[in-house]
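Data first, discussion second: the structure below is written as structure tokens.
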Amino acid sequence: MLRSLNKFESTKSIEPVLAQNLLVNYRDIFQADLKEQELAEISFLQEKLKKQAISIALFGMVSRGKTSLLNALFGKKLGETGAINGVTQGISTYEWKISAKPSIDDQENQKLELQFIDTQGLDEVGGEIGGMVALEAAKRADLILFVIAGDMTRLEQEAIAQLQTFYKPILLVFNKADLYPESDREAIYKALQNEEMRKFISPQEIVLTVAEPLPVKVRLQYSDGRESQEVWERPQPDVQALKERIVSLLNTEGKALLVINVLRALLEIQDAVTQRHLQKLQTSTAIAAVIFVSEAIALLISPHLWLDGLISGTFNSLFVLWAIGKYASQKKYLWLLLIVAIACLSGGLGIHLEAAHYLQILWAGLSISVLFKGIITDINHSRGSGKLGAKALMAEIIQSVPDGSILRRFQ
Ligand SMILES: Nc1nc2c(ncn2[C@@H]2O[C@H](COP(=O)(O)OP(=O)(O)OP(=O)(O)O)[C@@H](O)[C@H]2O)c(=O)[nH]1
Ligand SMILES: [Mg+2]
């Protein structure tokens, strides 16, 4: 199908390398903050960039011909099709590995991996847009083929609007075009280009197909004088326009789509980590406030110096340990615990009351500074983590794609 995919390059080849570096740097700096599943996602993204694996997902309501389209594109039967709703359940992935010459000045042929994802109808569950499985697959896809079979229903429009929130480029595939006479087909095609629809889809992103045409009656005439007879024959599918559109899209924007989606996934992870940092910051502030109020009360009400030493010493030690546990970068301040111990001991033993108080004040100041240093280190980490880098690279890629490109929509 995609033999003509031979100049898979408009994005400078430096961009995948930069994206790869951003991923590696981020993982290295934030190893401790990342959950297992996020680390796995980063490895997956690295692999995706390395293999240049582009995912194309087919979406639409039940029975619009998603699986039929895949069969026609691949030229063989990959999945079952049928008139009853909900033939495809869950999602299935079909891989296509091809050789693509990256650019004229590049000597080596690159392997390009296309992944087609067939999904269950979005309205499969109870007539609502309940195809959560399908929507999850949409998040992973680099390009979406949204399949309709005539005028768009309200549910279809809602689904497209929802898919738009993932910032994925969409090709609208108007399948089963054979069911309409030429004039109706034109009218539907025009309606698909109305103002409301243009918010989501440009006219050049609409493609007409006939994936599995209805059988037609043909009359067989025999030259040997036998009586002619009528038989049912299924005409050839017509998905040429879609093939060409996919190929031209991948040729001009394939690499950009890939890098943009990897960066978007990285930004999602970075946002989650930043959220956790902010939560940590809130908890830190709340705990610091509780500790200091408790300590002040203890100092005011404690009848004995040793009791004051015990209470504040315990609180102080716990606080330092907790702050250091929360902010691993602050481990070097463990010596603060020594000051707490000396302060408590000298106060508790009545060795030098005044010195004990000064030490406790010094401790309080230092431990707050440790906590805030930890917070600032975390925030700087976030900043230096490539979040800005990822955003800047995405903006640069979108700027560099040709005018009229599907990616320009996300400027
Ligand atoms: N006339 C006509 N029928 C088509 C065309 N494409 C698919 N069909 C028929 O539409 C029905 C549904 O096709 P499928 O490919 O199973 O549709 P689907 O979107 O995968 O459906 P689900 O898996 O149930 O969501 C089948 O009976 C196909 O033969 C087409 O271009 N023209
Ligand atoms: Mg199907």
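Scan region 253-282 for residues that are touching a residue at least 24 places away in the same chain (Cβ under 8 Å) and more than 17 Å from the chain's Cα centre (by Cα) and the total you get is 5.
Does ILE144 satisfy the condition of being among the β-branched types (Val, Ile, Thr) and assigned to a helix (DSSP H, G or I)? So that I can check it myself, show each step before the final result.
Working: among the β-branched types (Val, Ile, Thr): yes; assigned to a helix (DSSP H, G or I): no.
No: the conditions fail for ILE144.
Residue by residue, here is whether (1) in the same structural domain as SER68 (by TED's automatic domain parsing); (2) open to solvent by less than 40 Å² (accessible area, probe 1.4 Å); (3) at pLDDT 90 or above; (4) closer than 21 Å to GLN240 by Cα holds:
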site	(1), (2), (3), (4)
PHE146	yes, yes, yes, yes
ARG154	yes, no, no, no
ASP178	yes, no, yes, yes
ARG198	yes, no, no, no
VAL207	yes, yes, yes, yes
GLU212	yes, no, yes, yes
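Say whether the condition of being touching a helix residue (DSSP H, G or I) at 6+ places or on another chain (Cβ under 7 Å) and open to solvent by 30 Å² or more (accessible area, probe 1.4 Å) is met by at least one residue in region 243-259. Scanning region 243-259 turns up at least one residue that is touching a helix residue (DSSP H, G or I) at 6+ places or on another chain (Cβ under 7 Å) and open to solvent by 30 Å² or more (accessible area, probe 1.4 Å).
Between TYR167, TYR189, which is without any contact (Cβ under 8 Å) to a residue 24 or more places away in the chain and surrounded by fewer than 18 Cβ atoms within 10 Å (Cβ to Cβ)? Reasoning before the result, please.
Values: TYR167 fails: without any contact (Cβ under 8 Å) to a residue 24 or more places away in the chain.
Testing whether each residue is without any contact (Cβ under 8 Å) to a residue 24 or more places away in the chain and surrounded by fewer than 18 Cβ atoms within 10 Å (Cβ to Cβ) leaves just TYR189.
Would you say LYS66 is more than 10 Å from ligand 2 (Cβ to nearest atom) and either in the same structural domain as GLN120 (by TED's automatic domain parsing) or at pLDDT 90 or above (or both)?
Working: more than 10 Å from ligand 2 (Cβ to nearest atom): no; either in the same structural domain as GLN120 (by TED's automatic domain parsing) or at pLDDT 90 or above (or both): yes.
It is false that LYS66 is more than 10 Å from ligand 2 (Cβ to nearest atom) and either in the same structural domain as GLN120 (by TED's automatic domain parsing) or at pLDDT 90 or above (or both).
For GLU47, indicate whether it is open to solvent by 60 Å² or more (accessible area, probe 1.4 Å) and either within 16 Å of ligand 1 (Cβ to nearest atom) or closer than 15 Å to ALA265 by Cβ (or both). So GLU47 passes the test. All conditions in (1) over 28 Å from GLU15 (Cβ atoms); (2) in a loop (DSSP other than H, G, I, E, B); (3) among the hydrophobic types (A, V, I, L, M, F, W, C) hold for ILE201, with the sole exception of (1). Look through region 70-93, keep the residues that are within 7 Å of ligand 1 (Cβ to nearest atom) and either under 9 Å from GLN120 (Cα atoms) or not in a loop (DSSP other than H, G, I, E, B) (or both), and return whichever of them is most open to solvent (accessible area, probe 1.4 Å). Step by step, filter region 70-93, then rank; the result is VAL87. Flag not set for GLY225, criterion: in a helix (DSSP H, G or I), over 18 Å from LYS139 (Cβ atoms) and away from ligand 1 (no atom under 16 Å from the Cβ).
Checked against (1) touching a Gly at 6+ places or on another chain (Cβ under 8 Å); (2) open to solvent by 90 Å² or more (accessible area, probe 1.4 Å), TRP232 passes all but condition (1). All conditions but one from (1) within 30 Å of ILE170 (Cβ to Cβ); (2) open to solvent by 20 Å² or more (accessible area, probe 1.4 Å) apply to LEU278; the one that does not is (1).
The values are calculated or read from the model by the stated rules, or taken from the named source; none is laboratory data. For clarity, every value in this text was computed on a predicted model and none was experimentally measured. For neighbour counting, all protein chains shown are included, and Cβ atoms are generated from backbone atoms with ideal geometry for every residue, glycine included. Surface areas here come from the heavy atoms of the whole protein model, side chains and all, with no ligands, DNA or RNA. Shrake-Rupley method; radii C 1.70, N 1.55, O 1.52, S 1.80 Å.
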